[in-house]
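Chemist: One structure coming up, written as structure tokens, with questions to follow.
The values are calculated or read from the model by the stated rules, or taken from the named source; none is laboratory data. In this text the structure is predicted, and so the values were computed from the model without any measurement. Here the Cβ positions follow ideal geometry from the backbone for every residue, glycine too, while neighbour counts run over all protein chains shown. Keep in mind that these areas ignore ligands, DNA and RNA; they rest on the heavy atoms of the full protein, side chains included. Shrake-Rupley method; radii C 1.70, N 1.55, O 1.52, S 1.80 Å.
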Amino acid sequence: MDRETAIKKSLEQFEILLREQLDRVDRMKEATARAESGGPKVIGLIDGDGIGPLIMKKAEGLLRKLLKDDIDSGDIVLRKIDGLTIENRLALNKSVPEDVLEEIKKCDIILKGPTTTPKGGTMESANVTLRRELDLYANVRPVSVPEEGIDWMFFRENTEGEYVLGSRGIDFEGEMAVDFKVITDPGTERIARAAFEYAKNNGKTSVSIVTKANIMKKTDGKFSEICRRVAADYQDIKAEDWYVDIMSANLVNPNMRSKFQVFVLPNLYGDIITDEAAEIQGGVGTGGSANLGDRYAMFEAIHGTAPRMIEDGLQDYVNPMSIFKACEMMLRHMGIADKADKLQKALDKAQSPDAPKVTGFREGSKTAELVEYIYDKL
Ligand code: IPM
Ligand code: MG
């Protein structure tokens with residue numbers, strides 16, 4: 001294709017993207033949360049790829065133990081959802097096959113193992129598709145290191161930024177490539193509100209707004225400005241602007257980091273910073289992650305599929321802590337605070353020096369030893 005034709009085609013493509021995104025803005029402005037439906041709460045269980053089925057098996061066992069009465073009485077239903085495997089997705093060339101999505105939408109809550117994200121190409125990550133299709137706009141990730149006084153809560157915007165058109169950039173082959181970043185007013189307003197509401201309801205006194213608004217002037221500039229506008233409704237909470245580079249340094253500065261409480265960030269910075277934060281807590285395998293929207297909620301491990309572990313035959317050494325943390329967040333979200341507290345205490349104990357240390361290597365403890373330890377502490 002000659003350059004002029006490529007530019008024309010790209011402009012047509014750009015117009016389509018702009019119209020789609022502005023339609024999304026309209027939908028967000030009109031959105032009213034669908035009323036809570038009565039009847040049993042259906043938790044959809046999705047295995048995912050790699051070590052996903054292994055940790056999900058442990059998660060299901062844990063839920064069946066903790067929720068035995070509710071499951072027996074039919075108030076809570078655990079429903080397995082098949083078909084979200086990389087093999088099936090590649091065969092159908094769909095990041096989330098339609099029939100799978102339909103089944104997922106019949107659930108109220110999803111607990112999901114990690115899914116493979118193909119690098120390059122055009123297939124979108126299943127996570128990104130699900131976050132968008134279920135409109136799970138708040139990615140909430142807690143990190144705590146009690147002995148250091150670290151108690152952080154991250155509110156990562158989960159549906160836009162670099163992600164929403166991440167698979168739909170423009171490539172002038174052999175010359176250049178362009179990707180798009182989209183930040184919308186209603187999309188920012190709702191994540192900012194989620195962060196400030198959390199702060200208000202949990203006795204927090206500060207919210208850090210993390211952007212790179214000095215460089216990404218339009219998009220991050222808007223994000224910061226709208227967060228500040230929302231902050232004006234919360235007079236008792238201090239809102240501070242930070243740039244993402246210095247914030248990533250602050251988090252490894254022991255003299256500084258314990259003063260931060262709640263963070264609100266656009267999608268990509270949230271992705272990166274929450275991995276850094278989880279590492280400070282003890283590794284990305286220890287992080288929990290909630291994806292919340294007004295209708296659906298999805299809980300997942302923060303780590304990937306760890307194909308290395310499968311290749312190296314380390315199936316018995318996978319760490320279930322992250323998916324267990326996700327279970328704890330899920331129970332809390334469902335209003336089952338007593339069971340969530342019970343699980344939280346057991347998981348805290350599992351991080352003490354006398355607990356089995358699962359490292360993902362043969363030198364470490366086995367998954368089963370850790371699970372047994374946790375069951376014992378429940
Ligand atoms: C996460 C992950 C995902 C993301 C990947 C798997 C698409 O890193 O949940 O943080 O980038 O959001
Ligand atoms: Mg990530």
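Chemist: Compute the accessible area per residue over segment 307-348, keeping the other protein chains in place, probe 1.4 Å, unit Å².
Modeler: Details: 1780 Å² over 42 residues.
Ligands and nucleic acids excluded, the result is 42 Å² per residue.
Chemist: Rolling a 1.4 angstrom probe over the protein heavy atoms, how many square angstrom per residue are accessible across segment 1-155?
Modeler: Values: 8370 Å² over 155 residues.
On a per-residue basis, 54 Å².
Chemist: Lysine pairs, Cα distance under 26 Å, 8 or more residues apart or cross-chain: how many in segment 8-105?
Modeler: Summing the qualifying lysine pairs gives 23.
Chemist: Ordered by residue, what ³J(HN,Hα) values in Hz, to whole numbers, does segment 92-97 give under the Karplus form 6.51 cos²θ - 1.76 cosθ + 1.60, where θ = phi - 60° and Gly and Pro are x?
Modeler: 8, 6, 9, 5, 9, x
Chemist: Something else: Under the 0.36 nm per residue contour assumption, what length would be gained going from the current alpha-carbon distance of ASN253 and ARG229 to full extension? If you can, show how the numbers build up before the last one.
Modeler: Values: separation 24, 0.36 × 24 = 8.64 nm, distance 2.95 nm.
The span from ASN253 to ARG229 would gain 5.7 nm if fully extended.
Chemist: Shifting gears a bit: What accessible area per residue, rounded to a whole number of Å², is obtained for segment 191-276 using a probe radius of 1.4 Å?
Modeler: Accessible surface, normalised per residue, equals 46 Å².
Chemist: While we're looking at this one, here's another question. Let me check against my output: what whole-number percent is the relative contact order of segment 42-140, with C-alpha pairs under 8 Å and at least 6 apart?
Modeler: 39
Chemist: Take the Cβ-Cβ distance between ASP275 and GLU4 as r, set R0 to 41 Å, and report the resulting FRET efficiency rounded to the nearest 0.05. Before the final figure, lay out the partial values.
Modeler: Values: r = 43 Å, r/R0 = 1.04.
In this case the efficiency is close to 0.45.
Chemist: Per 0.36 nm of contour for each residue apart, how much would the distance between GLU12 and VAL42 grow if the chain were fully extended, relative to their Cα-Cα spacing?
Modeler: Values: separation 30, 0.36 × 30 = 10.80 nm, distance 4.26 nm.
Answer, rounded to one decimal: 6.5 nm.
Chemist: Right, another one. By accessible area of protein heavy atoms, probe 1.4 Å, what ranking do ASP82, ASP245 get, highest first?
Modeler: On the way: ASP82 120, ASP245 80 Å².
The most accessible residue leads, giving ASP82, ASP245.
Chemist: What does the extension gain come out to for GLU102 and ARG79, with contour length at 0.36 nm per residue minus their alpha carbon separation?
Modeler: Numbers: separation 23, 0.36 × 23 = 8.28 nm, distance 1.34 nm.
Here the segment from GLU102 to ARG79 would lengthen by 6.9 nm.
Chemist: Further question: Got the relative contact order for the chain handy, in percent, Cα pairs under 8 Å and 6 or more residues apart? It would help to have the intermediate numbers written out before the result.
Modeler: Values: 672 pairs, mean separation 66.1, N = 378.
So the answer I get is 17 percent.
Chemist: Here's another thing I want to ask about it. Please report how far the C-alpha centroid of segment 239-258 lies from that of segment 67-92, rounded to the nearest whole angstrom.
Modeler: Each part reduced to its Cα centre gives a spacing of 39 Å.
Chemist: Related question: Using DSSP, restrict attention to beta bridges with both residues in the chain and report what percent are antiparallel, rounded to the nearest 5.
Modeler: Working: 20 of 47 bridges.
Taking every DSSP beta bridge within the chain, about 45 percent pair in antiparallel fashion.
Chemist: Sticking with this structure for a sec: Quick one: with all protein chains in place, what share of the accessible area of the chain is carbon or sulfur, to the nearest percent (1.4 Å probe)? Provide the component values of the computation, followed by the final result.
Modeler: Numbers: 9290 of 18250 Å².
Looking at the chain in its full context, I get 51 percent from C and S.
Chemist: Whole angstrom only: what separates the Cα centroid of segment 179-230 from the Cα centroid of segment 114-162?
Modeler: Between the Cα centres of segment 179-230 and segment 114-162 lies a distance of 16 Å.
Chemist: Please give the FRET efficiency for GLU147 paired with ASP241, using the beta carbon to beta carbon distance and R0 = 25 Å, rounded to the nearest 0.05. Can you show the working numbers first?
Modeler: Values: r = 30 Å, r/R0 = 1.18.
The pair GLU147/ASP241 has a calculated efficiency of 0.25.
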